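Enquirer: I'd like to ask some things about the structure below.
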Amino acid sequence: MIRRAGVEQIPALGKIINDCAEYGLMLHRSWAYLYEHVRDFHVAIEDNQVVGVCGLNIIWANMAEVYALAVAPAYRSRGIGRRLVLSCIDEGEELGIHKLMTLTYEGKFFERCGFHVVDRQSLPMKVWSECVRCPKNQACDEIAMVRVLDVPDIAPPPAEPPGKYEVPVPLVVRAGVKSQNVD
Ligand SMILES: CC(C)(COP(=O)(O)OP(=O)(O)OC[C@H]1O[C@@H](n2cnc3c(N)ncnc32)[C@H](O)[C@@H]1OP(=O)(O)O)[C@@H](O)C(=O)NCCC(=O)NCCS
């Protein structure tokens, strides 16, 4: 059974993700991150336990990222990974998202899920925001893949006006170093 994750499943889905992270297959996720992003996750339940997980992160008006996809080793090759991705596709379509992307080493698997390889440079900059946390940042060898969903593309929104009470985020936050935009 595939379902949306609840907070009670965070320890189990976190273990599946972080076991894979030990092998360099994906980023490690702290429990703090996982609880904060619990609404991203779809889980596979078999034998009364969480055996697979997949996250869907909204990037922009027309794009979302499939991430942290992992199936427990004993449950692989049974179609669970594909069902998790299909569940994210269903959610993306419900949300009106035009395109899903992923960064992966599992090109063949994602091809079976309807994705195709694209030039990494074609993806929006925001996709790379997490790469600073990745030890392979300077030598990333993941491939970029996308799948267009059954939702029309929408015109990109106009540039966002600054909020009246918006506090500028310091570009450099270090003792003794002035930030570039708080002076
Ligand atoms: C990648 C992973 C999620 C696949 O999950 P799975 O449940 O074993 O995959 P499925 O059984 O749903 O496979 C779906 C299809 O992809 C194919 N496939 C799955 N893994 C494959 C691989 N490594 N190479 C080639 N084909 C693969 C299957 O043969 C199947 O093909 P079919 O359409 O002909 O039936 C799983 O192997 C895993 O957790 N790996 C470790 C974590 C990881 O690398 N995650 C990806 C990070 S982006």
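Enquirer: Please find, within the range 90-109, the residue that is surrounded by the fewest Cβ atoms within 10 Å (Cβ to Cβ) out of those that are farther than 20 Å from Val43 by Cα, in contact (Cβ under 8 Å) with a residue 24 or more places away in the chain and of a type outside the set (Phe, Trp, Tyr).
Expert: Within the range 90-109, the subset farther than 20 Å from Val43 by Cα is 96-99, 105, 107-108.
Next, only the ones that are in contact (Cβ under 8 Å) with a residue 24 or more places away in the chain stay: 96-99, 105, 107.
Right, trim to of a type outside the set (Phe, Trp, Tyr) and you get 96-99, 107.
Values: Gly96: 12, Ile97: 22, His98: 18, Lys99: 18, Gly107: 15.
For the range 90-109, the residue satisfying everything is Gly96.
Enquirer: Let me ask another. Could you list, in sequence order, the residues of the range 99-112 that are part of a helix (DSSP H, G or I) and within 6 Å of the ligand (Cβ to nearest atom)?
Expert: Looking only at the range 99-112, we keep the residues that are part of a helix (DSSP H, G or I), and these are 107-112.
Passing the criteria: Lys108, Phe109, Arg112.
Enquirer: Every residue in the range 113-163 that is farther than 12 Å from Lys99 by Cα, in a loop (DSSP other than H, G, I, E, B) and of a type in the set (A, V, I, L, M, F, W, C), please.
Expert: Passing the criteria: Cys113, Cys134, Cys140, Ala155, Ala159.
Enquirer: Sort out which residues of the range 139-174 are of a type in the set (Gly, Ala, Ser) and either touching an Asp or Glu at 6+ places or on another chain (Cβ under 8 Å) or modelled with pLDDT of 75 or more (or both), and write them in order of number.
Expert: Of the range 139-174, the ones of a type in the set (Gly, Ala, Ser) are 139, 144, 155, 159, 163.
Listed by number, the residues that qualify are Ala144, Ala155, Ala159, Gly163.
Enquirer: For the range 129-158, which positions are within 20 Å of Arg112 (Cα to Cα) and within 16 Å of the ligand (Cβ to nearest atom)?
Expert: Correct list: Glu142, Ile143, Ala144, Met145, Val146, Arg147.
Enquirer: I'm told Trp31 meets every condition in (1) of a type outside the set (Ser, Thr, Tyr); (2) more than 20 Å from Gly92 (Cα to Cα); (3) within 15 Å of the chain's Cα centre (by Cα) except one. Can you identify the failing condition by its number?
Expert: (3)
Enquirer: With the structure loaded, tell me whether Ser77 is among the polar types (S, T, N, Q) and in a helix (DSSP H, G or I) or whether it fails that test.
Expert: Numbers: among the polar types (S, T, N, Q): yes; in a helix (DSSP H, G or I): no.
So Ser77 fails the test.
Enquirer: Further question: Could you look through the range 1-58, keep only residues that are part of a loop (DSSP other than H, G, I, E, B) and in contact with a Cys (Cβ under 9 Å, 6 or more places away or on another chain), and pick out the one that is nearest to the ligand (Cβ to nearest atom)?
Expert: Taking the range 1-58 first, the residues part of a loop (DSSP other than H, G, I, E, B) are 1, 5-6, 23-30, 37, 47-48.
Subsequent filtering for residues that are in contact with a Cys (Cβ under 9 Å, 6 or more places away or on another chain) retains 26-27.
Working: Met26: 5, Leu27: 10 Å.
Applying the filter and picking the extreme gives Met26.
Enquirer: Do you know which of the residues in the range 59-89 that are aliphatic (A, V, I, L, M) and away from the ligand (no atom under 11 Å from the Cβ) is surrounded by the fewest Cβ atoms within 10 Å (Cβ to Cβ)? Working first, answer last.
Expert: From the range 59-89, those aliphatic (A, V, I, L, M) are 59, 61, 63-64, 66, 68-72, 74, 80, 84-86, 89; that's our starting set.
Within this subset, residues satisfying the condition of being away from the ligand (no atom under 11 Å from the Cβ) are 59, 61, 63-64, 89.
Working: Ile59: 17, Ala61: 13, Met63: 20, Ala64: 24, Ile89: 20.
Selected residue: Ala61.
Enquirer: Any chance the range 90-98 includes a residue that's of a type in the set (Asp, Glu), part of a helix (DSSP H, G or I), over 18 Å from Val117 (Cα atoms) and touching a strand residue (DSSP E or B) at 6+ places or on another chain (Cβ under 8 Å)?
Expert: Quick first cut of the range 90-98, residues of a type in the set (Asp, Glu) only: 90-91, 93-94.
Still in the running and part of a helix (DSSP H, G or I): 90-91, 93-94.
Of the ones still in play, those that are also over 18 Å from Val117 (Cα atoms) are 90-91, 93-94.
Add one more test, that the residue is touching a strand residue (DSSP E or B) at 6+ places or on another chain (Cβ under 8 Å), and what stays is 91.
Checked against the condition, which is being of a type in the set (Asp, Glu), part of a helix (DSSP H, G or I), over 18 Å from Val117 (Cα atoms) and touching a strand residue (DSSP E or B) at 6+ places or on another chain (Cβ under 8 Å), the range 90-98 yields at least one hit.
The values are calculated or read from the model by the stated rules, or taken from the named source; none is laboratory data. Just so you know, these numbers come straight off a predicted model, no measurement behind them. Cβ: placed from backbone, ideal geometry, glycine included. Neighbour counts: every protein chain shown.
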